[in-house]
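The values are calculated or read from the model by the stated rules, or taken from the named source; none is laboratory data. Fair warning: this is a prediction, and the values are worked out from it, not measured in the lab. As a convention, Cβ positions derive from the backbone with ideal geometry for all residues, glycine included, and neighbour counts pool all protein chains shown. For the accessible areas, the whole protein counts, side chains as well, though only heavy atoms, and no ligand, DNA or RNA atoms are used. Shrake-Rupley method; radii C 1.70, N 1.55, O 1.52, S 1.80 Å.
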Amino acid sequence: MFSERAFFSFVDLADPEMHRAYNEWHQLDHRPENLLLPGVAWGDRWARPAEYAELGRSPAMSLAGTDYVAMYWFRPPYEENVAEWHKLGEDSFQWGRGPRIPGVRRPLLAFFTPVKGYAAARIGVSAEALPFRPNRGLHITVTYHSEPHGLDTHEQFHWEDQVHIPALLERDGVAGAWTFSLHSLPGNSSLRPESEDDHRFTPGTVRIRVLYLDHDPAEVSQDLASFEQDRAAAGFGRPCPEAAELLLDGPLRTIIPWKDW
């Protein structure tokens, strides 16, 4: 596996007038500085506009207002490279260039362990190349597992790996998938989650699945919702639905600089 550490940040902007300034900062300042670090393998971000939020589900109130999701992949040695990444965050704060920006709320941001990658046979590249392959967006699913090593959780993970994700890879527009398990929260005091939900974020309690899409994310997500409903009705649904609490599910859109600001 090319990386065993990833970072996710879920962003909620308090003021709709902030979108352009936030996008300019992130794509023209913050992201380039991060990608310059030798220990960062790749980084990307996606938008969740209002029309996309209506297509998904967000039972967790803290994630309901998510406007953007960003993620970074790290190279080994992880402790050293994450420390360098934290230093950039602290330096940026001291320079007055973020990442703590008024009106920017981050209800969930944490390091995750990549669990497994999957690539649809039609795309011809490996799962490890998938994050570097251009995409039109993601379908993201975030779940909370109060018993991350329980038997029901294990059965759910087995079903997802052996049954559900392979079926999703056959749908039009799904190029591949990656799953992630919560590793740890940031140690940097300038980057801490601001969740109002009563969840204990400990290792393994949060699971993220991302589907990489190369068709319109809204259309693919609508197709996936119908597909999953049909499979559940036919008896091929989740074997242990009580093992996971849904926090967020739905489409995200790739951001085109300047055009989408």
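All Cα-Cα separations within region 39-84 were binned at 10 Å from zero, giving a P(r) of 23, 34, 23, 19, 0, each value a whole percent of the pairs. Charge dipole (Cα centre; +1 on Lys/Arg Cβ, -1 on Asp/Glu Cβ; no other charges) of the chain amounts to roughly 520 debye. Dipole size of region 122-261 about its Cα centre, with +1 on Lys/Arg Cβ and -1 on Asp/Glu Cβ: approximately 520 debye, rounded to the nearest 20. Comparing E17, E54, E33, which has the greatest mean-square fluctuation in the GNM of the chain with Cα pairs linked when under 10 Å apart? Residue with maximal mean-square fluctuation among E17, E54, E33: E17.
Which of Q27, T113, V174 sits farthest toward the positive end of the charge dipole of the chain, with +1 on the Cβ of Lys and Arg and -1 on the Cβ of Asp and Glu? With unit charges placed on the Cβ atoms, the residue in question is Q27.
In terms of overall dimensions, the C-alpha atoms belonging to region 1-121 reach 44, 39, 24 Å along their principal axes, ordered largest to smallest.
A full extension of the chain between V163 and E79 corresponds to an added length of 26.8 nm, given 0.36 nm per residue minus the alpha carbon distance.
Would you mind working out the accessible area per residue for the chain, using a 1.4 Å probe, and quoting it in Å²?
For the chain, the per-residue accessible area is 46 Å².
If the segment from D29 to K87 were pulled out straight at 0.36 nm per residue, it would be longer than the present Cα-Cα gap by 19.3 nm. The trypsin sites (Lys or Arg not before Pro) of region 194-261 meeting both criteria, a DSSP state outside H, G, I, E and B (loop) and at most 15 other C-beta atoms within 10 angstrom of the site's C-beta, are R200, K259. Helix-only arithmetic for the chain: the sum of -39500 (n - 2.57) across DSSP H runs with n ≥ 4, divided by the residue total, places the mean residue ellipticity at 222 nm at -7500 deg cm²/dmol. Residues considered: L213, L138, L169. Largest GNM mean-square fluctuation over the chain, using C-alpha springs under 10 Å, is found at L169.
Computed in the context of the full set of protein chains, the accessible area of the chain at 1.4 Å probe radius has 52% of its extent on carbon or sulfur.
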